[in-house]
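Okay, handing you the structure first.
The values are calculated or read from the model by the stated rules, or taken from the named source; none is laboratory data. Just so it is clear, the model here is predicted, and its values are computed rather than measured. Cβ placement follows ideal geometry from the backbone for every residue including glycine, while neighbour counts extend to all protein chains displayed. With ligands, DNA and RNA removed, areas are computed over all heavy atoms of the protein, side chains included. Shrake-Rupley method; radii C 1.70, N 1.55, O 1.52, S 1.80 Å.
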Amino acid sequence: MSSNRQAAASSPWRAPILFAVLAILFVLEGTVRNGLFSGSWNTALAILNMGLISAITALGVNMQWGYAGLFNTGVVGFLAIGGLAPVLVSLPPVEGAWAAGGPRLIGSLLVGLGTLALAKIVYTRTRRAWAVALVLIAGFVAYRWLFDPAVSAIEANDSARTGNIGGLGLPVLLSWLVGGAFAAAAAWAVGKVALGLRSDYLAIATLGIGEIIVAVLRNEDWLARGVKNVASIPRPVPYEIDLQQNPAFVDFAGRWGLGVAEASGIWVKLCYLSLFLVVLLAIILLAQLALKSPWGRMMRAIRDNEVAAEAMGKDVTARHLQIFVLGSAVIGIAGAMMITLDGLMAPNGYNPLRYTFLIWVMVIVGGSGNNWGSVLGAILIWFLWIKVEVWGPNLIGVLVGPLPDGDIKAHLLGSAPHMRFIAMGLVLLLVLRFAPRGLVPEK
Amino acid sequence: MDILNALVAFLNFVFIPAAAYGAQLALGALGVTLIYGILRFSNFAHGDTMAFGTAITILTTWGMQSLGISLGPLPTALLALPVGIAATALLVLGTDRAVYRFYRVQKAAPIIFVMASVGVMFVMNGLTRLVIGVDEQRFDDGARFIIAVRDFREWSGLAEGLALRSTQALTVVVTAIVCAALFWFLNRTKAGKAMRAYSDNEDLALLSGIDPERVVRLTWIIAAALMTIAGVLYGLDKSFRPFNYFQILLPIFAAAIVGGLGSPVGAIAGGFLVAFSEVAVTYPWVKVAGYLFPGWEPGGLLQLLGTEYKFAVSFVILIVVLLFRPTGLFRGKSV
Amino acid sequence: MIQSQPQTTQPFLSAQAMRGGYGKADILHGCTLTVDQGQIAVIVGPNGAGKSTAMKAVFGMLPLREGRVTLGGQDITALSPQERVRKGMGFVPQTHNIFPTMTVEENLEMGAYIRDDDVRQTLAQVYDLFPAVAEKRRQAAGELSGGQRQQVAVGRALMTRPQLLMLDEPTAGVSPIVMDELFDRIIEVARTGISILMVEQNARQALEIADIGYVLVQGANRYTDTGEALLADPEVRRTFLGG
Ligand SMILES: Nc1ncnc2c1ncn2[C@@H]1O[C@H](COP(=O)(O)OP(=O)(O)OP(=O)(O)O)[C@@H](O)[C@H]1O
Ligand SMILES: [Mg+2]
């Protein structure tokens, strides 16, 4: 994808100008109220916060794609497994859950992992399929024998309110790192198998792991209550209601000429915003340092010419595994942040189109291989994704206005929300074709 | 020990559903494998294209039903199928012209094709939503059962019932016909042989005077037919919900890879292998075991994995194949 | 496929002063190759000399920056490989020269893809020429031995009934006995009036059957003479034939 077509256009001012345009869009969203913008700072900041989380996800994807050419189609899964961390780390422990089945549960999971490890050892030592099968079957029986009763006991424990294993009651910010670790572990397992083969195989394998992780979250009630959802995940920032009851804050809001409700919403969002910015900048800083290090140069050398790098004795597969795990960890962090922002773990929300492929649109549009490009692409695409939901029906409403009322008009109006899928697909295809280096090309 | 009842339960809950599902997967995997063999990329838009073809067929079916056209005991959808195939063929040919051909000329890396197919997937997904919405649709009509549970019980005098839905039988029969026709085409006609030649050795095919664009067009048309038929049969059997067609992508890929990407026989074998594993692993065997070992109280459902995890079965099969035999059972294209 | 008779004054195939390469740098630096009707022309030279590249250039698989190619007096420089096949050229590449999962017979049929008439007679001729291949007609070509594969590859190219057959190292990787056998077949083909342009690693044996030989070094002609004369030239013997 080394097209020179854009080389002339990529001046050093390109990125700053584009970011300025983005800033103007958000200011308009916050201040102007018309058919296009809401004129609400609360809305603008909400979009921006989610945009920043998308940006961090996009950074993770960009590490994998931009630095190593790995196509991860299971982003939704890595986000979801990262989102599990706030539930398991920051929620208060559930009374009785641990006593009901905690040790047995841990034991069963250890048995499960041990079985896989043993199977591998048996395979490398003996190379006998029946021996491996025997180990796997015995291990599976033992695992289920421990696992099933433990799960029933935990789920029976106060099932209306909790029925899950509960958290550790630790600070929620810690769970962001844990989320990264979860995702890294899952990525290591997939990468170990699927890397080093044809490039499409990783794409297909990650598609699978993504669906499986989401299915686990949906169905394992003992873990995070499944589709019964976990609400009230602790916040790292103040609650609106507390602010509204704090006279000092009411006073402060009054000085800005804002209603207390609006001001408290904005304040909370600004708190999140600063946290997210810190994480984003830290990740970009680390990524840039890594990219400039000998390690980063080697990564790029491998990406640009895998065959030559292999011939020079570089272990391409091992490097790819490193970058795949690192990128997934970043995605996991974003997943934990997202659940923290929402305050809610709702597994049914993890839709691959929204959480995998939309992220890909962001990365490609932003400029694969360029971290700032990914950030720009993420925030811009997220802004458009949200706004098109409003603009589409408005636009169609205007267009079909002259039509007589009836089935066709109703159908057209009703179909407007689907337009954004087509729009995103077209954006991806057009950028891939006509500007393959994206809005902010790699230097 | 009650072998007859156990057998009937097995047929009813495992064999028949898995055979129908396997046939659907086989058709899907055939499409994936053909596209892979000729165009050399994994088509992520496959599931959503299947959904599109099915949606068009459903709309045509409704149209025919409102006109009072029907096929008697057979579903009207069979009559509407050619319309769906034609529409899908036009769509994929247009997509090839607008999207993939550019990368073919450029000789772009396979992963770029995959990426482009993701863009196409978005567009197809939106188109399907546009024409039919996101809700579940049923469009099967005609006779519901070839063998109904009660009739079977009365006829056999067994406690266990057996049902054979007409859509299940239809799926298997149509799949057999389609596969036979496809193999006849690939092995007996000049155009089909040219396709295989192109898949085997693109450069030599060019030197032999085979027109690559013609081969590619032919491939898309055949793939469109396979996709639409697979999608319609799946929809008739299970009901139509666009999102299911995205999810079925994983078992289809697994089937194609197990069989060996690029190998049509492998795709069919892979489809049935994945389907039978999926159904066998997620079926609660307690009933069958109850007939076989009357005294035994297993104290569980004897279900290896909940049905919610049926995708995990495809995934595990995929992983095992990638670990031990990345070219698949039937030696597809190299790694 | 009936061509206008070549003028007697001009060789049947003539590739003059070809320059070109795969990317920016040229591989061919003014390479000239000619073959008369029914003659065998042999190109020899060290690895990487550009022999395969020259063959591809003659067959139109490589854009030429300079030079022109004529066949039977007709300028074909601008034609695509497929069009050259229709003009009566057949090419057996150095590697990947069969359809491995297709049967031997299907390989030959694909060779005749552009023909719309009955190919059975040509098929029989090819089987006559390569009886070993005839026995395996229902077997996948990828399962044959190296020598048999080369025979299939040559047979495939013959299926269009070409007037010029181009072979890039047809004896690569085959045993000396099979090699002699293959050379005999090639002579047989040439006797039927088909011109042959071939690259050979087994320079000595190849030059023995060559009417004209080219020694190619770094994309340019170093020596050009009859096969006999080249074999007799002490300079050529010392540098290229190993003494
Ligand atoms: N497809 C290609 N793209 C770029 N360069 C190539 C390609 N094929 C060959 N070359 C280069 O062109 C030069 C000549 O190669 P060519 O294959 O013509 O040599 P040859 O004389 O046929 O050698 P051999 O005896 O090993 O077959 C070599 O330096 C090679 O690296
Ligand atoms: Mg060569």
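Looking for whichever is farther than 29 Å from C:Asn221 by Cα and more than 16 Å from ligand 2 (Cβ to nearest atom) here; the options are C:Ile76, C:Ile98. Which one fits?
On the way: C:Ile76 fails: farther than 29 Å from C:Asn221 by Cα.
Criteria check complete, one pass: C:Ile98.
Right, C:Val119: away from ligand 2 (no atom under 16 Å from the Cβ) and more than 23 Å from B:Asp211 (Cβ to Cβ) or not?
no
Which of the residues belonging to the stretch C:180-204 are modelled with pLDDT under 90 and within 16 Å of ligand 1 (Cβ to nearest atom)?
Scanning the stretch C:180-204 gives C:Gln201, C:Asn202, C:Ala203, C:Arg204.
C:Lys24 is checked against (1) in contact with a strand residue (DSSP E or B) (Cβ under 8 Å, 6 or more places away or on another chain); (2) modelled with pLDDT of 80 or more and fails just one. What number does that condition carry?
For C:Lys24, the failing item is (1).
Any residue at all in the stretch A:414-429 that is more than 14 Å from chain B (Cβ to nearest Cβ), touching a residue at least 60 places away in the same chain (Cβ under 8 Å) and either within 23 Å of A:Leu59 (Cβ to Cβ) or open to solvent by 10 Å² or more (accessible area, probe 1.4 Å) (or both)?
no
Right, next: Based on this model, can you work out whether B:Ala194 counts as at the interface with chain C (Cβ under 9 Å from one of its Cβ atoms) and either surrounded by 22 or more Cβ atoms within 10 Å (Cβ to Cβ) or under 25 Å from the mean Cα position of the chain (by Cα) (or both)?
Yes.
Could you pull out the residue among A:Ala215, A:Ala194, A:Ala203 that is without any contact (Cβ under 8 Å) to a residue 24 or more places away in the chain and within 21 Å of B:Val118 (Cβ to Cβ)? Before you say what the answer is, go through the steps one by one.
Numbers: A:Ala215 fails: within 21 Å of B:Val118 (Cβ to Cβ); A:Ala203 fails: without any contact (Cβ under 8 Å) to a residue 24 or more places away in the chain.
Exactly one residue qualifies, and that residue is A:Ala194.
If I filter the stretch B:85-101 down to residues being without any contact (Cβ under 8 Å) to a residue 24 or more places away in the chain and surrounded by 15 or more Cβ atoms within 10 Å (Cβ to Cβ), which single residue comes out as farthest from the other protein chains (Cβ to nearest Cβ)?
So, considering only residues that are without any contact (Cβ under 8 Å) to a residue 24 or more places away in the chain and surrounded by 15 or more Cβ atoms within 10 Å (Cβ to Cβ), the one farthest from the other protein chains (Cβ to nearest Cβ) is B:Ala86.
Name the residues in the stretch C:34-53 that are open to solvent by 20 Å² or more (accessible area, probe 1.4 Å) and either in contact (Cβ under 8 Å) with a residue 60 or more places away in the chain or in contact with a Lys or Arg (Cβ under 7 Å, 6 or more places away or on another chain) (or both), would you?
C:Thr34, C:Asp36, C:Gln37, C:Gly38, C:Gln39, C:Pro46, C:Ser52
Determine whether the stretch A:143-160 contains at least one residue that is touching a residue at least 12 places away in the same chain (Cβ under 8 Å), under 32 Å from the mean Cα position of the chain (by Cα) and on the phi > 0 side of the Ramachandran plot.
yes
Let me ask another. Could you grab me the full set of residues in the stretch B:144-167 that are outside any loop (DSSP other than H, G, I, E, B), over 17 Å from B:Val14 (Cβ atoms) and free of Cβ contacts under 8 Å to residues at least 40 places away in the same chain?
B:Phe145, B:Ile146, B:Arg150, B:Asp151, B:Arg153, B:Glu154, B:Trp155 - these are the residues of the stretch B:144-167 that are outside any loop (DSSP other than H, G, I, E, B), over 17 Å from B:Val14 (Cβ atoms) and free of Cβ contacts under 8 Å to residues at least 40 places away in the same chain.
Continuing with this model, one more query. Please find, among A:Val268, A:Val316, A:Val278, the residue that is in contact with an Asp or Glu (Cβ under 6 Å, 6 or more places away or on another chain) and under 26 Å from A:Leu84 (Cβ atoms).
Being in contact with an Asp or Glu (Cβ under 6 Å, 6 or more places away or on another chain) and under 26 Å from A:Leu84 (Cβ atoms) holds for just one of A:Val268, A:Val316, A:Val278, which is A:Val268.
Within the stretch C:14-63, track down each residue that is aliphatic (A, V, I, L, M), within 11 Å of ligand 1 (Cβ to nearest atom) and more than 14 Å from chain B (Cβ to nearest Cβ).
Correct list: C:Ala25, C:Ile27, C:Leu28, C:Ile43, C:Val44, C:Ala49, C:Ala54, C:Ala57.
Does any residue of the stretch A:331-339 turn out to be touching a strand residue (DSSP E or B) at 6+ places or on another chain (Cβ under 7 Å) and either modelled with pLDDT of 90 or more or in the same structural domain as A:Trp41 (by TED's automatic domain parsing) (or both)?
Yes, the stretch A:331-339 contains at least one residue that is touching a strand residue (DSSP E or B) at 6+ places or on another chain (Cβ under 7 Å) and either modelled with pLDDT of 90 or more or in the same structural domain as A:Trp41 (by TED's automatic domain parsing) (or both).
Here is a further query. Any residue in the stretch C:142-171 that is within 20 Å of C:Ala57 (Cα to Cα) and within 13 Å of chain B (Cβ to nearest Cβ) sitting within a Cβ distance under 8 Å of a residue that is assigned to a helix (DSSP H, G or I) and within 16 Å of ligand 1 (Cβ to nearest atom)? List the pairs, counting only those 6 or more apart or interchain.
C:Met166/C:Met55; C:Met166/C:Val58; C:Asp168/C:Lys51; C:Asp168/C:Ser52; C:Asp168/C:Met55
Checking the conditions here, which among C:Ala157, C:Ala112, C:Ala153 is of a type in the set (Gly, Ala, Ser), within 16 Å of ligand 1 (Cβ to nearest atom) and either in contact with a His (Cβ under 8 Å, 6 or more places away or on another chain) or under 26 Å from C:Val69 (Cβ atoms) (or both)? Working first, answer last.
Details: C:Ala157 fails: within 16 Å of ligand 1 (Cβ to nearest atom); C:Ala112 fails: within 16 Å of ligand 1 (Cβ to nearest atom).
That would be C:Ala153, the only listed residue that is of a type in the set (Gly, Ala, Ser), within 16 Å of ligand 1 (Cβ to nearest atom) and either in contact with a His (Cβ under 8 Å, 6 or more places away or on another chain) or under 26 Å from C:Val69 (Cβ atoms) (or both).
Are any residues in the stretch C:205-243 away from ligand 1 (no atom under 13 Å from the Cβ), more than 15 Å from the chain's Cα centre (by Cα) and either within 14 Å of chain B (Cβ to nearest Cβ) or hydrophobic (A, V, I, L, M, F, W, C) (or both), and if so, which ones?
C:Ala229, C:Leu230, C:Leu231, C:Ala232, C:Val236, C:Leu241
Now, a different point. Taking the condition more than 11 Å from every other protein chain (Cβ to nearest Cβ), within 14 Å of ligand 1 (Cβ to nearest atom) and at positive phi, does C:Gly72 pass? Full working, then the answer.
Numbers: more than 11 Å from every other protein chain (Cβ to nearest Cβ): yes; within 14 Å of ligand 1 (Cβ to nearest atom): no; at positive phi: yes.
No: the conditions fail for C:Gly72.
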